[in-house]
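**Student:** Got a structure here, written out as structure tokens. Questions coming.
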Amino acid sequence: MESAIDWHTAKALLEWQVELGATEAIGDAPVDRFAEAEAAAQAAAAAQEAPVATPQSAGARTDPVAEAEAAARGAADLDALRAALAAYPHCALKQGARSLVFADGRAGARVMIVGEAPGREEDLEGRPFVGRAGRLLDRMLAAIGLDRAAAAPEGSVYITNVLPWRPPRNREPTAEETAMMLPFLRRHIALAAPEVLVVMGNSSAQALLGRRGITRLRGQWDEALGLPALPMLHPAYLLRNPHARRMAWEDMLTLAARLEGA
Ligand code: URA
């Protein structure tokens with residue numbers, strides 16, 4: 001049955017109950033504790049008879065980043081990459097998310113925007129930048145004649161995020177999550193093959209440029225994965241700091257000038 005609350009909320013509620021002293025979950029149906037004890041004894045006996053793991057299998061460790069690299073490398077196109085991400089088991093965010101938020105817009109567009117991670121609305125809809133920040137982003141793009149829904153690659157953009165799953169309470173991606181998702185992001189960019197990248201916000205700058213400080217980096221062309229990359233203020237930051245919109249407008253003009261001149 002589909003639950004009305006998400007995984008992280010359910011976990012937080014459970015932890016709160018434990019803190020209050022709850023030690024047992026009482027269900028609607030009666031529980032036969034005698035049968036449970038007997039089953040546990042049988043399971044323990046079976047475990048004693050089971051073969052002991054060899055040192056090799058016991059010591060075998062998975063390397064989530066190496067596995068991500070192999071999975072991403074094996075993806076021949078964007079559909080395969082989405083499937084590889086969906087099958088990737090090591091990122092715990094997946095458990096708490098409703099959707100894998102892969103991309104939106106037109107693959108093959110000249111501009112590819114890389115944001116941070118899906119928020120609540122993106123998680124519900126399964127598309128990046130569809131909430132308030134996304135609507136502001138759409139208006140900023142429209143101001144220089146770009147539209148994610150445009151059919152022609154010249155007028156369109158392709159949009160993705162560093163993380164494809166929503167972090168709980170919209171917290172920033174951790175270094176570990178970013179490291180796991182980076183091989184997929186790199187492959188995503190290679191397969192989408194844009195002419196320029198827009199690095200939207202600090203998490204994207206950290207992942208693609210290896211440094212933070214977006215208010216210093218913004219508006220100056222850099223390079224990421226061999227492509228020209230323009231760091232910009234994140235639209236969520238602009239919602240909180242309307243005075244910074246003038247800088248964002250300058251950055252959009254910088255992007256437009258590049259597209260016109262190229
Ligand atoms: N913020 C992001 O960075 N990405 C989204 O998809 C939505 C909000």
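**Student:** Mind checking the per residue accessible area of the range 120-221 for me, 1.4 Å probe, whole number of Å²?
**Tutor:** Details: 4350 Å² over 102 residues.
Here the per-residue accessible area is 43 Å².
**Student:** Grab the beta carbon distance between residue 121 and residue 175, set R0 = 22 Å, and tell me the FRET efficiency rounded to 0.05. Don't jump to the answer; show the numbers that get you there.
**Tutor:** Working: r = 26 Å, r/R0 = 1.18.
It comes out at approximately 0.25.
**Student:** I would also like to ask the following. Please turn the phi angles of the range 145-151 into ³J(HN,Hα) values with the Karplus equation 6.51 cos²θ - 1.76 cosθ + 1.60 (θ = phi - 60°), one per residue in order, whole Hz, x for glycine and proline.
**Tutor:** x, 10, 8, 4, 8, 5, 7
**Student:** What net charge is computed for the residues neighbouring residue 202, neighbours being all others with C-beta under 12 Å from the C-beta of residue 202, Lys and Arg scored +1, Asp and Glu -1? Intermediate results must be reported in sequence, preceding the final value.
**Tutor:** Numbers: positive: 211, 212, 216, 218; negative: 116, 172.
Its environment carries a net charge of +2.
**Student:** Can I ask one more? At 1.4 Å probe size, what's the solvent-accessible area of residue 250? Round to the nearest 10 Å².
**Tutor:** Counting only protein heavy atoms, the figure is 80 Å².
**Student:** Then there is this: Roll a 1.4 angstrom probe over the protein heavy atoms and tell me the percent of accessible area of the range 66-261 that is carbon or sulfur. Present the calculation step by step, with values, prior to reporting the outcome.
**Tutor:** Details: 4230 of 8570 Å².
Ligands and nucleic acids excluded, carbon and sulfur give 49 percent.
**Student:** PRE reach from residue 253 (point 7 Å along Cα→Cβ): which of the range 120-142 fall under 19 Å by backbone N?
**Tutor:** 139-142
The values are calculated or read from the model by the stated rules, or taken from the named source; none is laboratory data. Remember, predicted model here, so these are calculated numbers, not experimental data. Ideal geometry is used to build each Cβ from the backbone, glycine not excepted, and the neighbour counts take in all protein chains shown. These area figures cover heavy atoms from the full protein model, side chains too; ligands, DNA and RNA do not enter into them. Shrake-Rupley method; radii C 1.70, N 1.55, O 1.52, S 1.80 Å.
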